[in-house]
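Visitor: The following block contains the structure, expressed as structure tokens.
The values are calculated or read from the model by the stated rules, or taken from the named source; none is laboratory data. Keep in mind that this is a model prediction, so the values were computed, not measured. Neighbour counts run over all protein chains shown; Cβ positions are idealised from the backbone, glycine included. Side chains are part of the model used for accessible areas, which takes the heavy atoms of the whole protein and leaves out ligands, DNA and RNA. Shrake-Rupley method; radii C 1.70, N 1.55, O 1.52, S 1.80 Å.
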Amino acid sequence: MTKPYKLFIPGPVSVDDDVLDAMSQPVMRHYGPEWMDVYNETTSLLKQVFQTQNDIFLVPGPGTAGLDMAMGSLLANGQKVIVCRNGFFGERLATVAEANGLQVVHVAAPAGLPIAPDDLRKALREHPDAPVVAAIHHETTTTVMNPVSELALAVREAGRVFVVDAVSSLGGVDVPVDAWGIDVCVTAANKCLECPPGLAIVSVSPRAWEMVNSHESTHHGWYLNLKTWRWYADNWGDWHPSPVTMPTNNIVALRTSLRKILAVGLPEHFAKHARACRAVRAGLRNMGFQLFLPDEFASPLVTAVLPRPEFTAHDLQTWLAQERGLYIGGGIGELSGKILRIGHIGQATSRDYVMDLLFAIEEYLRLKGIDVPVGASLIEL
Ligand SMILES: *Cc1c(COP(=O)(O)O)cnc(C)c1O
């Protein structure tokens, strides 16, 4: 299928045709033996990608549904949660916690810098009554990778439960859930798992279950409540494993994508993102662009780049979209107009996509009167 445009936004991503074909198979029942085969295979493939023995739930909805579920299920009204935030998605996580009646303790870093594990340690000492810590792995709005393995260590030392928003990282970089000790890990189908939007995926550790079961009721609703999902897994798990009607086509598509990822192998799947990222970062630098973050804590999944005096971020974004059908992302919140974001996820990791984008940007620079020889993005100046 030829697409009239290419997505380089930080999700959702352009996905492969065989995954789209899987979406268009006849609708199935979301229960019964045929469904159990699909469901069990999908959750078992997911356990390999999450690198976990923990329970996995497929929850119809956006990634945020999984985060709402974690916040609402682990703690009761009025309890404290420590939220690490250094950008829009960290703030969103705090808002989700507050909307669930929780008291939020903030551990902040400026936008563009990672969370410092020592700042978390200090908060853990000052708030021994906060049973849960939540953090974003890849803060997609600034492209900072937070040091989740180190944060996990601090959480573990303090004996708390750790929730990680790995929506834009899981599948794209190594996130060994059990080795790092992530109790609740949340991701979505439409980023590094290379599927259309529609599913949140949540893993839950035995320690997290203890906390969920330690209070009678959270009064945080029924649908996004882990207790509800546990009940169906335990009692109807052999024929109808979820409490609601499942988006079966999305799950069949996810199975197709997971099979492909695991057939290639996780290391190679991660490497393709790193390769595309290196090519784009080098290409932008070769054309004289300044990158928003030093390589040190920049994510290999999305690159943030500054506009130039000759044009605004919006101008370049609009030209690429209208003239070349290439969609890149802009800045959000305080970074609006200040940066552009280029995703290296899904098909945007391919040579075809990367070359198209670099050559289109070269062309745009020439239109703006900047002296960039043809092919300059591929040459180290
Ligand atoms: C994309 C994203 C989300 C969730 O987005 P939804 O719109 O709820 O699917 C959450 N956190 C991060 C870090 C993301 O990149």
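Yes or no, residue by residue, for (1) closer than 27 Å to E268 by Cα; (2) open to solvent by less than 30 Å² (accessible area, probe 1.4 Å):
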{"position": "K191", "(1), (2)": "yes, yes"}
{"position": "G198", "(1), (2)": "yes, yes"}
{"position": "S205", "(1), (2)": "no, yes"}
{"position": "A208", "(1), (2)": "no, yes"}
{"position": "M211", "(1), (2)": "no, no"}
{"position": "E216", "(1), (2)": "no, no"}
{"position": "H220", "(1), (2)": "no, no"}
{"position": "L224", "(1), (2)": "no, no"}
{"position": "W229", "(1), (2)": "no, yes"}
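Visitor: Here's a follow-up. Yes or no: the range 44-67 includes at least one residue that is within 16 Å of L262 (Cβ to Cβ), assigned to a helix (DSSP H, G or I) and β-branched (V, I, T).
Guide: Checked the range 44-67: at least one residue is within 16 Å of L262 (Cβ to Cβ), assigned to a helix (DSSP H, G or I) and β-branched (V, I, T).
Visitor: Turning to a different aspect of this structure: Have a look at A130, A134 and point out the one that is open to solvent by less than 10 Å² (accessible area, probe 1.4 Å) and in contact with a helix residue (DSSP H, G or I) (Cβ under 7 Å, 6 or more places away or on another chain).
Guide: Only one candidate passes the filter, namely A134.
Visitor: Regarding S257, is this residue in contact with an Asp or Glu (Cβ under 8 Å, 6 or more places away or on another chain) and either surrounded by 17 or more Cβ atoms within 10 Å (Cβ to Cβ) or at pLDDT 95 or above (or both)?
Guide: Considered against the rule, which asks whether it is in contact with an Asp or Glu (Cβ under 8 Å, 6 or more places away or on another chain) and either surrounded by 17 or more Cβ atoms within 10 Å (Cβ to Cβ) or at pLDDT 95 or above (or both), S257 comes out as yes.
Visitor: May I ask you to say which residue of G325, G346, G333, G369 is of a type outside the set (K, R), touching a residue at least 40 places away in the same chain (Cβ under 8 Å), on the phi > 0 side of the Ramachandran plot and crowded, with 21+ Cβ neighbours inside 10 Å?
Guide: G346
Visitor: Still on this structure, I have one more. One residue is enough: does the range 108-128 have a residue meeting the conditions touching a Leu at 6+ places or on another chain (Cβ under 7 Å), small (G, A, S) and within 16 Å of the ligand (Cβ to nearest atom)?
Guide: Within the range 108-128, one or more residues are touching a Leu at 6+ places or on another chain (Cβ under 7 Å), small (G, A, S) and within 16 Å of the ligand (Cβ to nearest atom).
Visitor: Inside the range 147-164, can you point out the residues that are open to solvent by 10 Å² or more (accessible area, probe 1.4 Å) and within 16 Å of the ligand (Cβ to nearest atom)?
Guide: P147
Visitor: Among the candidates S24, S14, S44, S73, which residue alone is in contact with a strand residue (DSSP E or B) (Cβ under 9 Å, 6 or more places away or on another chain), open to solvent by 10 Å² or more (accessible area, probe 1.4 Å) and not β-branched (V, I, T)?
Guide: Criteria check complete, one pass: S44.
Visitor: Sticking with this structure for a sec: For the range 95-105, which residues satisfy the criterion of being surrounded by 21 or more Cβ atoms within 10 Å (Cβ to Cβ) and either within 17 Å of T140 (Cα to Cα) or within 16 Å of the ligand (Cβ to nearest atom) (or both)?
Guide: Listed by number, the residues that qualify are V96, A97, N100.
Visitor: Sticking with this structure for a sec: Of the residues in the range 30-41, how many are surrounded by 13 or more Cβ atoms within 10 Å (Cβ to Cβ), out of contact with any His (no Cβ under 7 Å at 6 or more places or on another chain) and either of a type in the set (V, I, T) or outside any helix (DSSP H, G or I) (or both)?
Guide: Selection size over the range 30-41: 2.
Visitor: Considering only the range 106-118, how many residues are crowded, with 16+ Cβ neighbours inside 10 Å and either under 19 Å from V161 (Cβ atoms) or outside the structural domain of T218 (by TED's automatic domain parsing) (or both)?
Guide: 3
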